[in-house]
1. May I ask you to list the residues in the range 63-109 that are within 16 Å of the ligand (Cβ to nearest atom) and in a loop (DSSP other than H, G, I, E, B)?
2. Only one of (1) among the hydroxyl-bearing types (Ser, Thr, Tyr); (2) more than 16 Å from the ligand (Cβ to nearest atom); (3) under 24 Å from Gly62 (Cα atoms) fails for Ser173. Which number is that?
3. Considering only the range 253-270, I want to know if a residue exists there that is touching a residue at least 24 places away in the same chain (Cβ under 8 Å), in contact with a His (Cβ under 7 Å, 6 or more places away or on another chain) and either at positive phi or not in a helix (DSSP H, G or I) (or both).
4. Where residues in the range 135-168 are aliphatic (A, V, I, L, M) and open to solvent by 10 Å² or more (accessible area, probe 1.4 Å), which of them is farthest from the ligand (Cβ to nearest atom)?
5. Only residues that are of a type in the set (D, E, K, R) and either open to solvent by 30 Å² or more (accessible area, probe 1.4 Å) or within 16 Å of the ligand (Cβ to nearest atom) (or both): list them for the range 176-192, please.
6. Which residue is surrounded by the most Cβ atoms within 10 Å (Cβ to Cβ), if the candidates are limited to the range 225-261 and must be under 16 Å from Gln207 (Cβ atoms) and under 24 Å from the mean Cα position of the chain (by Cα)?
7. I'm checking my understanding of the structure. Among residues of the range 1-19 that are open to solvent by less than 10 Å² (accessible area, probe 1.4 Å) and within 16 Å of the ligand (Cβ to nearest atom), which one is nearest to Asp172 (Cα to Cα)?
8. Of (1) over 25 Å from Trp324 (Cα atoms); (2) within 15 Å of the ligand (Cβ to nearest atom), Ser118 satisfies all except one. Which?
Amino acid sequence: MRDLLELAARLGKNPLAIQGPGGNISLKRDGVMWVKASGTWMAEATERPILIPVDVAAVLKGLAAGDPACETCSAFVRRDLCDLPLRPSIETTLHAVMPQRVVVHVHCVETIAMACLSDAAERLAAPLSGLNWAFVPYVRPGASLGRRMAEYLVAGTNAVVLGKHGLVVAGDSVSEAEQLRIEVSRRLARVARAAPLPDRDMLESAQGGGYSIGEDGRWHAIATDPISFAAAARGSLYPDHVVFLGPGIVTAGAGESAADAARRSGRPAVPLVVVPGAGVLLHEAATPAARAMIRCLADVTCRLQAHDPIEPLSPDDEAQLLNWDAEKYRQSLDVRTS
Ligand SMILES: [Zn+2]
C-alpha cells in the first residue's frame, strides 16, 4: 500500500500525468478495492488519506445488473473499514472491471494528444504494437464508462486508452503498472513545441475587472502559438477541462477587455480568457484545479499539429458533464486557495 501511495504522490506532482484532482489509483486486496476518493488530489497521497475501500464484487455485480448505484459507487463503500466522509472516485467502475491488483488511471498529456483525434484508434496501433492494449471510444466517466471498458477487455489487457480522456494501466504490482505507464507515455510522446513569448502590453490593456496576467509563463502558449490556439478554440478536448474551466475557451476580441469578453460569453467569472497572439488572463477566483487545467491545455495543445483531425467533446457531452451531480460534488471540493 505504501508503494501505491508513494507512486500516487509522485504522479500527482507530475503535471504531464495528473492535473489537479484528476486521475486515480486502486489496489485490490481480500475482496476490497482501495480506490482514490472523489475530489482528493493524488499529489497529497502521502500527506492525508485519499483511498476509500469498496466491495469490488458488489460493484461488478451492480454494473452487470445495470444498478444505478454504480454511478457514484457510494453504496459499495466498506464503511466498516473506513469512516472518512468521502465518496469513491467517479471512475471507480473502470478500476473494478480491470482484474489486475493495481490499476493506475492518468490524464497523461501524451495520451490525450492522441486520444482527442478522430482517428486515435488507428494512430495508436503502430506505437502501441506488441502491448496488450485497447482503445475505448469516449463515454462520460462513471458507470457507463466502466461498462463500455468491460466490453473492450480481453484476457491480459493491461493498457487502455480512453478516447478524449486518458490512459489506464494495470499490473499485479505497483512497479509493473508504473513501468507500463512509463512505456505507453514514452511510445506516445510527441514533440512539445516551444511557444512565442506573451505580449505583455496587450495583456495589460486587456486585464482588470478581476482578471490579471496568468502567472505561469507556460500558460500563454495557448494564445501565442497559432496551432495551440486553433486547437484550443475547437472546443473541449477532454472531460476535466469542462468540469474545471467550463466548455471550450473564452476568447477576447481585438481591443476587448477580458472582463467584457467573459460577460459577452455569459460566464462573467470564467477562470481563463485567451487573448489571441498575446497570452492568457486569469480570474482572481480561479481555483487550484482550474489553474492545473490551464497548464494541461497548454501541454496538450503544444503537442498537437496543424493538420491533426481534432474531435472535441460534443455540446451534449459537455452538458452531461456539467449537469451531473457526481461532478458537482467534485467541483464543490475544489476550494479556492489564495
Ligand atoms: Zn479520468
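The values are calculated or read from the model by the stated rules, or taken from the named source; none is laboratory data. This one's a predicted model, so the numbers in the text were calculated from it and none came from an experiment. Glycine also receives a Cβ, built like all others from the backbone with ideal geometry; neighbour counts cover every protein chain displayed. Accessible surface is based on the protein model in full, side chains and every heavy atom, while ligands, DNA and RNA are left aside. Shrake-Rupley method; radii C 1.70, N 1.55, O 1.52, S 1.80 Å.
1. Of everything in the range 63-109, those that are within 16 Å of the ligand (Cβ to nearest atom) and in a loop (DSSP other than H, G, I, E, B) turn out to be Thr72, Cys73, Arg87, Ser89, Ile90, Glu91, Val97, Met98, His107, Cys108.
2. (3)
3. Looking through the range 253-270, at least one residue is touching a residue at least 24 places away in the same chain (Cβ under 8 Å), in contact with a His (Cβ under 7 Å, 6 or more places away or on another chain) and either at positive phi or not in a helix (DSSP H, G or I) (or both).
4. Of all residues in the range 135-168, those aliphatic (A, V, I, L, M) come to 136, 139, 143, 145, 149-150, 153-155, 159-162, 167-168.
Among the residues that remain, those that are also open to solvent by 10 Å² or more (accessible area, probe 1.4 Å) are: 139, 150, 153-155.
On the way: Val139: 12, Ala150: 16, Leu153: 17, Val154: 22, Ala155: 24 Å.
If we take residues in the range 135-168 being aliphatic (A, V, I, L, M) and open to solvent by 10 Å² or more (accessible area, probe 1.4 Å), then Ala155 is farthest from the ligand (Cβ to nearest atom).
5. Here is the first cut: in the range 176-192, the ones of a type in the set (D, E, K, R) are 176, 178, 181, 183, 186-187, 190.
Answer for the range 176-192, where residues must be of a type in the set (D, E, K, R) and either open to solvent by 30 Å² or more (accessible area, probe 1.4 Å) or within 16 Å of the ligand (Cβ to nearest atom) (or both): Glu176, Arg181, Glu183, Arg186, Arg187, Arg190.
6. By that ranking, first place goes to Val250.
7. Of all residues in the range 1-19, those open to solvent by less than 10 Å² (accessible area, probe 1.4 Å) come to 4, 7-9, 11, 17-19.
When the remaining residues are screened for being within 16 Å of the ligand (Cβ to nearest atom), the result is 8, 11, 17-19.
On the way: Ala8: 16, Leu11: 18, Ala17: 21, Ile18: 22, Gln19: 25 Å.
Here the answer is Ala8.
8. Here Ser118 meets the rest and fails (2).
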